[in-house]
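I have placed the structure first, in the form of structure tokens, so that the comments after it can refer back to it.
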Amino acid sequence: MTDNTTDTTLLVTVDSLRTDHVQFMPRTLAFLDDTHDAAFATSTATPGSFPAIIGGEYPAGNGLEPTASVAHEFDAHCVGITTNHLLSAEYDYATGFDSFTSPKGGGESLKDKGAIVLERGSLPYKIASWGYNRYQQLRSYVDETEKSFRPADDVVDQFRSEIDGCEKWFGWLHFMEPHHPYDPDGADIDRAEAQRITRRVLSDRGSEADAALVRELYRQEVAELDATLESLWNAIPEDTRVVFCGDHGELLGEDGLWGHPGEMRPELLNVPFGTRNAPDLGEVVSLIDVPTILTGVEHRQGTLEREIAFAAYGDRKAAMTADRIATEEGTYRLADGEPVDDPSLEGELERFDPAYVVKEDALQEDLEDLGYV
């Protein structure tokens, strides 16, 4: 069990949140006790990040190992609410929770799941990507008012209702804002148009003006999420232990890339990370440390004192320190991308073996269900 000095613990995860956009979340920054610049994801897509965040394990490609869930460690009412269908009971994320709510299926992040086994740029990947984007574009014409994912305020309202009257609880809330297609409530264009322009840009068919608009839509989604989270921060007990983090970053046109493909890039691997009423942490934080931070007790491969973080996506991998990243393509400084020599870090990368596998049969079924192939 935990060594928490508090009876209430909260994990808030945000899909596709860039570290450099947390500046647009002043309410959340004011609420947190501490933030950590050198925090890193274990993958560049949701299926590779959450076995670490919830289980303290590197991903094996088939969801969460049921016995690994940090929810088992709390002698309290455990509530999980996710807005990403990949974080569902189907992938064993409901284990350990007394109450668990997640989407039944669908959602753009299936394309990210596909990217794990379909080499980016290959013909199968291009076919799947084109088919999915076309499917989503046609759907947006049919329903022009529906938000892409369950809105954040719905999640907060449900959670507050679920813990009402509970003296001891653990909560995990996962928000899809600002995952693409970006469609904030306060946009100057209607929701259907925002979704269509986002998909057009992500499929490399947008103009420079479209790209600029999409970046602004992303920023607005981040700011709107912050406004919604204020009611959550105000509602929970003052001594609640809180971990707030992104599951991976997002590319907004760097080198012509958008979204979160499998490249081992700092924009995708360096994630926002903050805590409140939590233990002191080392120089580097990995998402695999989240269960340990939540409980205060070492959980699986997590630690409170880390110097190197690791990430994997398919057969690609990376090792990161506070100021450097090593990939199989080379080693360079995080601050400016300049190449450097670091035999020690490169040796750590060589020794890192996440044993990353993927259930290709299940992926094929998902793609067929959506009419990709």
(request) May I ask you to work out the translational diffusion coefficient for region 188-345 at 37 °C, viscosity 0.692 mPa s, via Stokes-Einstein with Rh from the Kirkwood sum over Cα pairs, reported in whole µm²/s? (result) 180
(message) With a 1.4 Å probe and all protein chains left in place, how much accessible area per residue does region 231-338 have, in Å²?
(response) 36
(message) Once each part is reduced to its C-alpha centroid, what is the distance from region 195-274 to region 8-51 in angstrom?
(response) 10
(message) Below 8 Å between Cα atoms, with a sequence gap of 6+, how large is the relative contact order for region 138-232 in percent?
(response) 33
(message) Can you give me the long-range amide H partners of Thr331? Hydrogens built in the peptide plane at 1.01 Å from N, cutoff under 5 Å, separation of 5 or more residues or another chain.
(response) Val340
(request) Could you list which residues have their amide H under 5 Å from that of Phe40, counting only those 5 or more apart in sequence or on another chain, with H placed in the peptide plane? (result) Val271, Val285, Ser286, Leu287
(request) Answer rounded, prolate or oblate for region 168-223, using the Cα gyration tensor with square roots of eigenvalues a ≥ b ≥ c: rounded when a/c is under 1.5, else prolate when a/b is larger than b/c, else oblate. (result) prolate
(message) Can you tally the net charge around Arg333? Count Lys and Arg as +1, Asp and Glu as -1, for every other residue whose Cβ sits under 13 Å from the Cβ of Arg333.
(response) -4
(message) Within region 194-349, what whole-number % of the accessible surface is contributed by carbon and sulfur, with the 1.4 Å probe and all protein chains included in the calculation?
(response) 42
(message) Using the Cα centre of region 1-86 as the reference point, and only Cβ charges (+1 on K/R, -1 on D/E), how large is the resulting charge dipole? Debye, rounded to the nearest 20.
(response) 360
(request) Give me the net charge of Glu254's neighbourhood, meaning all other residues with Cβ under 12 Å from the Cβ of Glu254; Lys, Arg count +1, Asp, Glu -1. (result) -2
(request) May I ask you to give the percent of accessible area on region 1-99 that is carbon plus sulfur, with a probe radius of 1.4 Å? (result) 44
(request) Give the accessible surface of region 20-60 per residue, rounded to a whole number of Å², with probe radius 1.4 Å and ligands, DNA and RNA excluded. (result) 31
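The values are calculated or read from the model by the stated rules, or taken from the named source; none is laboratory data. The model shown is predicted, which means the values in this text are computed figures rather than measured ones. No Cβ is skipped: glycine too gets one built from the backbone with ideal geometry, and neighbour counts run over all protein chains shown. To get the accessible areas, we keep the full protein, side chains included, count just its heavy atoms, and leave off ligands, DNA and RNA. Shrake-Rupley method; radii C 1.70, N 1.55, O 1.52, S 1.80 Å.
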